[in-house]
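The values are calculated or read from the model by the stated rules, or taken from the named source; none is laboratory data. Quick caveat, the model's predicted, so the values are computed rather than measured. For neighbour counting, all protein chains shown are included, and Cβ atoms are generated from backbone atoms with ideal geometry for every residue, glycine included. To get the accessible areas, we keep the full protein, side chains included, count just its heavy atoms, and leave off ligands, DNA and RNA. Shrake-Rupley method; radii C 1.70, N 1.55, O 1.52, S 1.80 Å.
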Amino acid sequence: MKMTEAEGLNKRYYLLDSIRGICILGMIIYHTLFDVVAFFGVSVTEGFMVAVDVIRDFGASCFICLAGICMHFGKRPLKRFLLISAGALIVSIATFITVPDMPVIFGILTFMAAASLIMMPLQKYLNKLPGGICAIISFVLFFITFEVRHHYAGWYFIKLFEFPEAFYRNYFTAAIGFPFYGFATSDYYPLLPWIFMFFFGFFLWKVMKKSEKLMKILDFRIPFLEKIGKVSLYIYVLHQPVVLGILLLIFNIFFK
């Protein structure tokens, strides 16, 4: 029996919560490694950092894709926007105070808030578009703009063309994805390329919901990860000061 549209919107897909839980745990691991290298002077090989960056990008892609998927289930978009914006503001203020040389500017929560704001007037129109084609287009655009912050179009070492240097001017261009020379942040998720991964998730769900087998798989429950996924916003807001505090304690006790 196929689920109606209304039933699908009201249903909880537990596996999505668990996947979000995995993503937030991966993000904590990444930030711990980043802090050890950036703030405590631990030297690692370039290859190790490249591998860590790839894991970071994969985890962030999954997290943002899930956010796009979950746009179909939200009943109070304005409340979600305000809640995420408050979390983003708290993280930015806290890092400006604790690590002023490397604060969080345009971090992932700021991106989530911006994406939610963009979707509020657009969602009813995007719902009318074909999911499969739009998902493919969104992913291709994500691929093309993935390295925009490094001044070229492409994916890691695949360079398609370079963007004009005039694009990289100020904080406004940095918010879009074109950071100016000297721009520094410890967490950077501008609109480009991440808005296209967000759209990819949004359109992907229109394809996914047509498969009854896939919908049954999404009922699978992993209680521990599920609980983490449900409170991922609060964990993200709090984890950095907790991680830094633990690392300070460890380094002061064992490596002083």
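The modelled label-to-label distance between Lys159 and Val54, using points 7 Å beyond Cα along the C-beta direction, is 2.0 nm. Accessible area per residue for region 194-243, computed on protein heavy atoms with a 1.4 Å probe, is 55 Å².
For the chain, the fraction of 1.4 Å probe accessible surface lying on carbon and sulfur atoms is 72 percent. Among the trypsin sites (Lys or Arg not before Pro) within region 33-106, which fall in a DSSP loop and have no more than 10 other Cβ atoms within 10 Å of their own Cβ? Here the trypsin sites (Lys or Arg not before Pro) that fit, given the DSSP loop and packing criteria, are Lys75. Among the listed pairs Lys79/Lys206; Lys75/Lys206; Lys128/Lys210; Lys124/Lys230; Lys79/Lys210, a Cα-Cα separation exceeding 20 Å is found for Lys79/Lys206; Lys124/Lys230; Lys79/Lys210. A DSSP coil position with no more than 15 other Cβ atoms inside 10 Å describes the following chymotrypsin sites (Phe, Trp or Tyr not before Pro) in region 194-228: Phe220. Over region 1-157, accessible surface divided per residue gives 53 Å², non-protein components excluded, 1.4 Å probe. Computed about the Cα centre, the dipole magnitude for the chain is approximately 1220 debye when only Lys and Arg (+1) and Asp and Glu (-1) carry charge, each at its Cβ. Shown here for region 82-187: chymotrypsin sites (Phe, Trp or Tyr not before Pro) in loop regions (DSSP other than H, G, I, E, B) with at most 11 other Cβ atoms within 10 Å, namely Phe157, Tyr181.
Count Lys and Arg as plus one, Asp and Glu as minus one, and take only other residues whose Cβ is under 14 Å from that of Pro190; the net charge is then -1.
Quick check: the distance between the Cα centres of region 64-108 and region 130-154, to the nearest angstrom? Their Cα centres are 22 Å away from one another. Considering the options Gly177, Leu233, Asn127, tell which one lies farthest towards the positive end of the dipole of the chain, charges being +1 on Lys and Arg and -1 on Asp and Glu at the Cβ, about the Cα centre. Final value for the positive-end residue is Asn127. Mind checking the log10 I(q)/I(0) for region 17-131 at q = 0.20 Å⁻¹? Debye, one equal scatterer per Cα, no solvent, two decimals. Log10 of I(q)/I(0), two decimals: -1.21.
Here region 40-131 is treated with +1 on each Lys and Arg Cβ and -1 on each Asp and Glu Cβ, and its dipole about the Cα centre works out to around 780 debye.
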